[in-house]
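The values are calculated or read from the model by the stated rules, or taken from the named source; none is laboratory data. Quantities reported herein were computed from a predicted structural model and do not represent experimental measurements. Neighbour counts are summed over all protein chains in view; Cβ atoms, including those assigned to glycine, are modelled from backbone coordinates with ideal geometry. When the accessible area is computed, the model is the full protein with side chains, heavy atoms only, and any ligands, DNA or RNA have been set aside. Shrake-Rupley method; radii C 1.70, N 1.55, O 1.52, S 1.80 Å.
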Amino acid sequence: MRKALRWLLSLVVLIGTVGVAGATSGAATAAEPGTTTGARSTDIKDRLLAVPGMSLIEEKPYPGYRYFVLDYTQPVDHRHPSKGTFKQRLTVLHKDTSRPTIFHTSGYSVSTRPSRSEPAQIVDGNQVSMEYRFFTPSRPDPADWSKLDIWQAASDQHRIYRALKPVYGKKWLATGASKGGMTATYYERFYPRDMAGVVSYVAPNDVVNKEDSAYDEFLAGVGPKECREKIQAVQREALVRREPLSAKLAAYAAAEGYTFKTVGNLDKGFEAVVMDLVWGFWQYQPAATACGKVPDAATASDQAIFDYVGSVGDWSSYTDQGLTPYTPYYYQAGTELGSPDIAQPWLGDLSRYGYQPPRNFVPRDIPMTFKPNAMRDVDRWVRHNAHRMMYVYGEFDPWGAEQFRPARGAKHDSYVFTAPGANHGANVAQLVADEKAKATQRIQAWAGVSTTSAKPLAPYDRKLDRRDVRKESTLRP
């Protein structure tokens, strides 16, 4: 996978966080000022910091909650915990220890702004959010990149869950969107007894990395034909006008101090952004309104073409400065996750480099070897063993061309939903009415807070529940 493309189940289970000092059975709520009974505090901050290896970075106020940014000491290698540790950042949005808890990850860096995932709103629960290993600052030093794999990351989650379960004793659900939804799936595959359910949003499932025809078929039929042709024409025109547009990119890069050492040169960086245009358009743009904003390729000026490509994608994406924060993602895409390689026949022979692989976006001093069995193993497990797993996809999202297909039937209680007209920001709220009600009810039932209303238990909060389809770059999931 590229820019939103920006195993081994070990018998050795690390047991390093059994028990939490100061754990009590009473609920410590956001409204409680915190009290002390003997030497045992009921204040939630004290209880969190009593967890061995946990330290406080900061606490931020938020009405009705307490919000903590924390560090947790993790082994670099969960198979050999004595061989070094690193500090992994996480956040806790605390509601009440009597409520269920949502374990959230984006699969990237963790945001330190108080926010709430959709499942946390649906069940009115607590939320623990984990920064994925090797995203700064949660990176071992020195970095042994061989320890960045899906099993090690799942083991990070397992260890955090074991550490915090004595504090948050009610049911837990795992969730995440895109790479976060993939992460929630891998966690369930390796530690299926931890969570009471999984809610995965827009998660790609690239089972066979060399077989990507599903993406080509999707892009050939997505949205209105006229809209597809307009965006393809702009993409083609950008490559036709490579020389003047590259000059504009060079001036932009010089002004911002951007360089292109990792990808090789400016021309490769230029073409990579242009090649992402069609994918990025459908991934992030609201199709109902965005088609009318595509410029006429035949009459648009060089500046208009340059500005439009940059508005859908980001001209800094393949600079060293744009790639560096996402080195862990590209490393994983090129070692386990896989990445789409789309044909784009409308470009003819205008492309010099083709759809570039993840190896081009990772510094050459970091070794990479692809493991084809990693995704096959996960896909096979989900198809046959999934239990209480829900997948939500968007109709217009290219990443949904290759989906997870969980085991179905009452025994498995697993579901796949598609939100009509939605893109990479698809969620339960965008489903058709009956599916929205069913998804909401199942999430609440899994969390142990069943109701008959089929509505989120917490009211919408404009800041906390803001659903940004944030464009970190054109083709990272």
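Overview of values
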| quantity | calculated |
| --- | --- |
| Shape parameters for region 76-170, alpha-carbon atoms, Rg then Dmax in Å | 14.0, 41 |
| Volume of the Cα convex hull of region 254-294, divided per residue and given in Å³ | 105 |
| Simple Cβ-charge dipole of the chain, Lys/Arg +1 and Asp/Glu -1, about Cα centre, in debye nearest 20 | 1340 |
| Scaled radius of gyration (Cα, divided by 2.2 N^0.38 Å) that region 408-461 gives | 1.19 |
| Share antiparallel - DSSP beta bridges, the chain, percent rounded to 5 | 50 |
| Solvent-accessible area per residue for the chain (1.4 angstrom probe, square angstrom) | 39 |
| Kirkwood Rh in Å, taken over region 173-221 so that all alpha-carbon pairs contribute | 12.0 |
| Dimensions in Å of region 141-290 - Rg and Dmax from alpha carbons | 21.3, 61 |
| Cα-derived Rg to Rh of region 113-227, Kirkwood definition | 1.05 |
| Relative contact order %, region 165-260, counting alpha carbon pairs below 8 Å whose residues are six or more apart | 20 |
| Cα-based Rg and Dmax for region 252-361, where Dmax is the largest Cα-Cα distance (Å) | 14.7, 43 |
| Kirkwood hydrodynamic radius of region 368-477, Cα pairs, Å | 15.9 |
| Kirkwood Rh in Å, taken over all unlike Cα pairs in region 318-418 | 16.3 |
| Among 348, 367, 399 - extreme Cα towards positive end, dipole of region 306-399, charges at beta-carbon | 367 |
| Lysines whose Cα lies under 24 Å from that of residue 248, excluding same-chain neighbours fewer than 8 positions away | 3, 230, 261, 268, 293, 471 |
| Which labelled figure in [x] 1.00; [y] 0.98; [z] 1.03 is Rg/Rh (Cα atoms, Kirkwood Rh), once derived from the coordinates | [y] |
| Region 83-240 - percent relative contact order, Cα under 8 Å, separation 6 or more | 23 |
| Alpha carbon centroid spacing (whole Å) that separates region 392-435 from region 166-180 | 19 |
| Cα-only Debye scattering, region 336-377: base-10 log of I(q)/I(0) at q = 0.14, 0.22, 0.26, 0.27 Å⁻¹ | -0.48, -0.86, -0.97, -1.00 |
| Computed helical MRE - 222 nm, the chain, DSSP H runs ≥ 4 contributing -39500 (n - 2.57), nearest 500 | -9000 deg cm²/dmol |
| Accessible surface of region 357-477 [probe 1.4 Å, protein heavy atoms]: carbon and sulfur percent | 49 |
| Share of pairwise Cα separations in region 207-254, more than 14 Å, in percent | 67 |
| Packing-based ranking, highest mean first, of 97-107, 156-166, 359-369 given that Cβ atoms within 10 Å are counted | 97-107, 156-166, 359-369 |
